[in-house]
Every structure is written in structure tokens, then in C-alpha cells.
């Protein structure tokens, strides 16, 4: 590897290697030095702030400030003048096909189908493979797609959904099955508006099910064995045990995984971008935001979409945090 | 209400791991049977096979006249109290107790009646709405009992139900369980490693060691006539004195011992056994006399135990609490010959 590139900007290199750690070290030593000089009572309340302030500075600089900036931009025209809610109005105009409405509709598809199916498959796999001797092999296999980058995943599935005219050999796996096994005409999975959204969602489900399975499986294993034995002796069949004992005890974890998936669904971007670029009625909010900003040079519109997305995520985020705390408290 | 019988029952996990070997016990209807033994002796496995939580490798288990080997746990109509109590953490006390009845598809009014009745017996009336987490250990244990009681089961299984309670509560609960057994008139099978629980609670005791049933009998019978060396050493506290001896002309001899046996025995090498209460400060004409070098004196108020050596063997004696004796003393003690046991040194079986 050629590291000479690093030497083209020696002052920056020195700054990164020497100055940043020196400043942080001086901050900690100096802060502690000052705290020691404070009266006993003040010390306890000041010291936590000394340690928290650097993190607060970073969060403010890289998260809060851009978010606030986005809010401002969303009220501005391309030239920088204040135009009130015009950007939002443009995004929410002409229901149901204008503005961002198609993207909003698709995000709702994602939200419902992606979340429910991933939870359902994750739970099913976790329960079915819980008591088999080759459990770890199966779980590793199902978890593997998690290690594939979303872009590669999109490419793989693009090949799976590949379309060739009816008289040509079908190289796409799905169409090969449709033509050779079911003797039907090949389908244009990614451009046919009646199925393309579901095709994208299916690819995303394949990629994330391992995540849901692994977490739910851990929750399942956390249920003491003697509870299930007690239920068996109490006269419950295996399905009743699942319904009355196992599932209620897994519920907090199901909710945490579910809300995490809801956030993933709202943020959906990479698979859509790679497989259809949001064309043929498959646009989602994150992709629309990207297109508005970089292709349409419309920062105000992109910011408005970003804020719409942010507002949609916030309630889920709060619920998720609360639930996570409840699970922790139960331990 | 049912009898239970184990007929040549074997539990084998792998070809060289057999945890219960040829287990045969008949448990009568309404009997309180205690399975006792050191940990890992197979007593819990024997109970779990009856509950249907473990498969039976060989042999038959019958509840009443019915062979239950291939009956699922849920269809055996038995109730079990687990060591950990195994209460459903997401259900209230009421729902925990109602659960087995709901499984039977019983009417709501009948469930309510039975749960209220059981909670009344167990003093849980004020806790019915609480979750198990909000209960003390003793209360949780009662809920586990209540969940078993409401069902009116054929057989009541208890797997070390007292081992998570503190000493005082354990004593109280021991008494309450016996009362409960009398009131319910149901077969109880109780597993424990604690020989005090076994002695105080069981109508009969079955002692197990290393997967093998050692002896079955009433507590007094087992205490007075242990069938082998293991039972002799396991039952009784402080435990029985065991001294290796040689037998000649109807006498058992060892350094410091020369004891006339009540009847001649065939074996030449044996183990002489006598409980601490057979060795006292009362020297009787027809008894034997032992010289003990006292090493430790334990005064319990009602009793006084002397720990020391006789001819080099560690021996415990139970003497009158008023006897004046100090560590280092040489004490002259009388051995009551009615209280001696002799075991074959090789087979470890009782010879007298």
C-alpha cells in the first residue's frame, strides 16, 4: 500500500497524531485539576459534566447542528430566501400520485410488510430450530446475508429477478422457475408496478431475517426450562405453551426488534437505489431525498422530505427507547 | 388419588451413563413417600420419569393400573412442585393457580371457586393480584403449592420444594406439608437430599445412591435396621460410628474394641456400626466398655456430644449433658449392645 499520500499534508498528519490526543489529554487532566480545587459539595455535580461535555460537543456539532440546519433549509428557496412552507406544500401536493406521495405510500408498504414478515420469519425460525441438534449450522446460514452489504444484496437479487424476453433463455432464477416449472410467461419483476415493490421488500426481508431470528432466539433461550416443564405438567400442549408462556415472555424483545425494523423500513434506501433507483413506482422517502438533493439540485425539497421522515421516526424511536429500558429493568 | 409403581425402571443417557438402575418401588394410594439420597443419585430423574419430563429407557411406570410410559406429561394428571417453583412470571398469582384448570377447560366459576379455596388454605388471599416477582420466597413456594393443590391431582410430586427457603421457614413448611398431605388425602412423592426432611415427613423412605435403590421402609425401621453401610452412614445426625473389625468366635475385635456379638456371623472382616446414642456415660453390666480420648466437646443444652478416638478410630458419643468432661480427658463410656450393627466389609450388607 502506498502511504506516501499521507505525507503530502504533514501539518494535518501532525495535528491528528499529536495535537488531538494532546488536547483531549490536557482537557481531562486540566478538568480534573480544576475539579479537585472545588469545594467538596460542588465536586460531585461538576465532575460528570467534565466527562460528558466532549461527547455533547461532538453530538451537537455533527448531529444537532445539521438537523437544525436541515430544518432551516427546508423553509428556504434554492437561492436562500425564506419561503415558509412552500417546500412542504410541493412535496405533499396532488394526492395520491404527486409530490412525495408515492414514496410515502411505498414506505407504508415497507413499514407493514417488511416489519411483519421479518418478525414472523424470525420467530418461526427461532422456535423451529430451537431444539434441533444442527441448530447452530442453520442459524449461521440464515444469519449470513447480514454480512453482505446492502448494495451486493441488491445486485444479487437484481439477478434473481432478471428478465429475458419469452423466447430467450431465462437467466434470472425466478423467471427460470416461472417458465420451466410453471410454464408461464416470464414476468418483469422490477418494472411491473403490481409486484415490483413487493419484490424489493422480499429482497430486504431475506437480508434482515437473520438479525431478527438471532435476537428472538436469544430471548427464547432465556426462558427457564422448568417453566416449560411446569406448563407441560399443568396439562398444556406445545402450541398452548407457546401461546400462553413462551410468547408473552418474549413479547418485550419482539417489540424491541419490531420497532427497530420499523425504523429500518422508514430509512429504506440502498436496496431501492441499487435495484430500481426508485423508478417504476418504487420510490421511497430516503431515495427521493437523495434524488432531490443531488439530481434535481433542490436542497429545500430534499430537506423537507428529510424532516417528514424525521417526524415519522421520532415516535417509534421514543417507544423503542422506553421498551428497551423496560426490558433492562426486568432483568 | 392413585398408587404408583416403578417396575424395573432404568434411565440410561448413553451406554456408559446410567443414572437410574433397575428401580422397583410400590407406592400405595395416599402414601407420603420420600425419595432421598445424595445429589446425583438419580432421585430427581426417577421423579421426572414419573412426571413425563424424561423418557423411560427400560421398565414400566404405572399410575394406578395404567402404564404411563408413553403418555405425555400433560395427560398424566399429576401435579409437580419444582425446586425453583417455576411460577409463570408474566401471570398474577391468581392466573398462575388458575392455569392448570384453564388447561382442563374448566368453567370460570369452578376455577374461581377452587383458586379461592386453595388461596385460603395457603394464606394467599391478599396476594392474588400480585406478580410472582413481588412475593417473598416463602410466598412463591406457597403459590407453587397452590398451583398443584387446585388440580386435585392423582399424584402430587415435590422436587426439593424446601431447599430455597431459610432454615426457620423450612421447619414451618415441613409441618404444613404434612398437614396438607393429611387434608388432601393424595399420594405424595417427595424428593430431597436432606435426611431430616426424609425422616420427619415420610410414611416411608426410599434411599438411593448412584442410581441404585438401597432400602425402602418406614423411617424408624430404616434408622434401626439399615440394610447396608451406605444407609447406615446416610441416615442419622451425627452419623453412625463405623469401625473396621475382625470377627473371631462371635466377638468383634479392633484396637480398643472387644465386643460380644449377639449372634455368630460368617464373615471374618466386618464394619462395626453404632449410633452416638448407643455410646453413653452409663456403663451397664451386660454392655461393653470403651475408653475414649476426648478431643472435642459439643454442648447443645439437651445433649452433649463427645468427639474423640477409641483405639485410633474417630468415634462420637452422646452423653448426659451433666457429665463433666473436657478435651484431653480419658472417658470411660458404655456401649449398649442392643444398638450395634455389623456390616460385611466386602458386600457392605448388614450381617446382624
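Please treat every number below as a calculation from the coordinates, not as lab data. Just so we're clear, the structure is a prediction, and the values are computed from it rather than from any experiment. Here the Cβ positions follow ideal geometry from the backbone for every residue, glycine too, while neighbour counts run over all protein chains shown.
With each pseudo-label sitting 7 Å past Cα toward Cβ, what's the residue A:143-residue B:136 distance in nm, one decimal? Between residue A:143 and residue B:136, the label points sit 4.4 nm apart.
Taking the Cβ of each residue in B:65, B:285, B:29, B:159 as the centre, tally the other Cβ atoms inside 10 Å and list the residues starting with the fewest.
Ordered from fewest to most neighbouring Cβ atoms within 10 Å, B:65, B:285, B:29, B:159 come out as B:285, B:65, B:29, B:159.
The orientation-averaged projected area of the convex hull spanned by the Cα atoms of segment B:215-315 comes to 7.4 nm². Shape class of segment A:4-73 from the alpha-carbon gyration tensor: oblate, with a/c at 1.5 or above and b/c at least as large as a/b. Using a cutoff of 8 angstrom between alpha carbon atoms and counting only pairs six or more residues apart, the relative contact order for chain A works out to 22 percent. So for chain B: antiparallel DSSP bridges make up what percent, rounded to the nearest 5? Once the DSSP bridges in chain B are tallied, antiparallel ones form about 75 percent. Result for chain B in a Gaussian network model with C-alpha springs under 10 Å: among B:181, B:225, B:70, the largest mean-square fluctuation is at B:70. From the Cα gyration tensor of segment A:94-330, with a ≥ b ≥ c the square roots of its eigenvalues, which class applies: rounded if a/c is under 1.5, or else prolate if a/b is larger than b/c, or else oblate? Oblate, because a/c is 1.5 or more while a/b does not exceed b/c.
If one takes the longest principal axis of the Cα atoms in chain B, at what angle in degrees, from 0 to 90 and to the nearest 10, does the Cα axis of helix B:167-184 lie? In chain B, helix B:167-184 runs at an angle near 60 degrees to the longest axis. Against chain B, whose longest principal axis is taken from its Cα atoms, helix B:137-149 shows a tilt of about 70°.
Under the rule a/c < 1.5 gives rounded, and otherwise a/b versus b/c splits prolate from oblate, where does segment A:61-129 land using the Cα gyration tensor? Oblate, since a/c reaches 1.5 and b/c is not below a/b. Compared with the dominant Cα axis of chain B, that is its longest principal axis, helix B:93-103 is turned about 70°. Please work out, to two decimal places, the log10 of the ratio I(q)/I(0) at q = 0.08, 0.09 Å⁻¹ from a Debye calculation in which every Cα of the protein assembly as shown carries one identical scatterer. Debye curve over Cα of the protein assembly as shown, log10 I(q)/I(0) at q = 0.08, 0.09 Å⁻¹: -0.90, -0.99. Taking label points 7 Å from Cα along the Cα-to-Cβ direction, residue A:164 and residue B:237 give a separation of 8.2 nm. Using R₀ = 60 Å, calculate the FRET efficiency as 1/(1 + (r/R₀)^6) where r is the Cβ-Cβ separation of residue A:193 and residue B:166; round to 0.05. The calculated FRET efficiency here is 0.30. Given R₀ = 35 Å, FRET efficiency for residue A:82-residue A:55 by Cβ-Cβ distance, to 0.05? According to the calculation, E is roughly 0.55. Take the Cα of residue B:65, step 7 Å toward its Cβ, do the same at residue A:130, and the gap between the two points is 4.0 nm.
Cβ-to-Cβ counts within 10 Å put B:281, A:94, B:329, A:40 in ascending order as A:40, A:94, B:329, B:281, the fewest first. Secondary structure note: in the protein assembly as shown, about 75% of the DSSP beta bridges are antiparallel.
Find the eigenvalues of the gyration tensor of the Cα atoms of chain B, then list the square roots of 5 times those eigenvalues as equivalent ellipsoid semi-axes, largest first, in whole angstrom.
46, 25, 15
What residue among A:228, A:310, A:119 shows peak mean-square fluctuation when chain A is described by a Gaussian network model with Cα springs under 10 Å? Looking only at A:228, A:310, A:119, the biggest GNM fluctuation is shown by A:228. If you run the Gaussian network model on chain A, springs between alpha carbon atoms under 10 Å, then out of A:305, A:20, A:64 the most flexible one is A:20. Counting 0.36 nm for each residue step from residue B:174 to residue B:320 and taking away their Cα separation leaves a gain of 49.6 nm.
Summary value for segment B:213-352: 26 percent relative contact order, contacts being C-alpha pairs under 8 angstrom separated by 6+ residues. For segment A:201-283, relative contact order (Cα pairs under 8 Å, six or more residues apart, normalised by length) works out to 31 percent.
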